[in-house]
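The values are calculated or read from the model by the stated rules, or taken from the named source; none is laboratory data. Everything numeric in this text was worked out from a predicted model, so none of it was measured. Here the Cβ positions follow ideal geometry from the backbone for every residue, glycine too, while neighbour counts run over all protein chains shown.
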Ligand SMILES: *Cc1c(COP(=O)(O)O)cnc(C)c1O
């Protein structure tokens, strides 16, 4: 069981980001958690070991990461996976054929693809719902509904779900409330404080923050639920390697330094874009023109660096995508460097065109991930590319 150390929650966020889950290494006292490159552990004697038997089940580097991120989300347990997608796949193994899951309609394209192309064939049922409206969530409930899974803010339309309202509905039905907190990170939003049961991340994005690994992590409060997830983590085996865990652990040490900069750059770029292309075409929860700005202020303490812009046509989008110099044309987000992408043909290409159109992921929509460069350079790049 990957329980955080008792004193890890007594400190404030930045101190936890640097220290939680970690202890000096016992042989030499190395301050950095080593990369435990091993598949197995030698027993002291027959029937006696140090709590480690085989590295799919437990790895000290992985445990340090799990405890660290658990402390940041304010959770008791963490379980790391080989990717954010592997994390979703493993969480779905909590359920069985015939169970129904309500899913936010604008989840990450890969999450939709996993549900629609693979897990549906194994007998799980999914409904895709506009979770901006709690009434729609309540209406989607069926006798076999076991969970609600949503992102807030969503990728790429930056739509919000009222976590507390969703918790009330889910718990009224004894179902699990699962939130993808990849976009906001625990620095700006802690879904457990509003009633979530499981919070998960693609650590690939802001938590690692340096665009050099792929990973996922699920955080849980409830001990019994944690025991089931730990069983799945070992039994299904979608675990991350120790070096990727070490990279993510290095990343979280600066989460509290990076996020304020992503946020201030995001606000400046969004405001500037609103002047250039009209505020009705810029989707950013930190803008007063965002229809859910009030909810954003209520459940988030910052808005981050993700901005979407509607440019009307694929041609216009293509022009901008080809012109930026600092914003690199690439999938992914949340790294120190700024990226720009075209959701319809990149991250959300796995969503069928009719569904994309219905949601508002148009051919003219582009998505920016503002990095932590000097903001004047980002503004100059946006100016020359968009005007
Ligand atoms: C990237 C992403 C995922 C999937 O994570 P991988 O690490 O790429 O498998 C899930 N949710 C969100 C919001 C993402 O941005």
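Considering only residues of region 83-113 that are free of Cβ contacts under 8 Å to residues at least 60 places away in the same chain and within 13 Å of the ligand (Cβ to nearest atom), which is surrounded by the fewest Cβ atoms within 10 Å (Cβ to Cβ)? Restricting to residues being free of Cβ contacts under 8 Å to residues at least 60 places away in the same chain and within 13 Å of the ligand (Cβ to nearest atom), the top hit is 103. Within region 356-374, residues that are surrounded by fewer than 16 Cβ atoms within 10 Å (Cβ to Cβ) have Cβ atoms under 7 Å from residues that are in a loop (DSSP other than H, G, I, E, B) in these pairs: 360/157, counting only partners at least 6 apart in sequence or on another chain.
Counting only helices (runs of 4 or more DSSP H) that sit wholly inside region 95-182, those with at least 2 residues that are under 21 Å from the mean Cα position of the chain (by Cα) are 109-113, 163-172. Scanning region 139-149 turns up no residue that is under 25 Å from residue 287 (Cα atoms) and surrounded by 20 or more Cβ atoms within 10 Å (Cβ to Cβ).
Examine region 330-344 for a residue that is more than 19 Å from the chain's Cα centre (by Cα) and more than 14 Å from residue 155 (Cα to Cα), and state whether such a residue exists. Taking every residue of region 330-344 in turn, none turns out to be more than 19 Å from the chain's Cα centre (by Cα) and more than 14 Å from residue 155 (Cα to Cα).
When we screen 372, 351 for residues that are modelled with pLDDT under 95 and assigned to a loop (DSSP other than H, G, I, E, B), the only hit is 351. Scan region 206-237 for residues that are closer than 18 Å to residue 17 by Cβ and buried (at least 24 other Cβ atoms within 10 Å of the Cβ) and the total you get is 7.
Among the criteria (1) more than 28 Å from residue 189 (Cα to Cα); (2) at pLDDT 95 or above; (3) surrounded by fewer than 20 Cβ atoms within 10 Å (Cβ to Cβ), the one residue 289 does not fulfil is (1). Annotation: of all residues in region 159-175 being touching a residue at least 60 places away in the same chain (Cβ under 8 Å) and buried (at least 22 other Cβ atoms within 10 Å of the Cβ), the one that is nearest to residue 359 (Cα to Cα) is 159.
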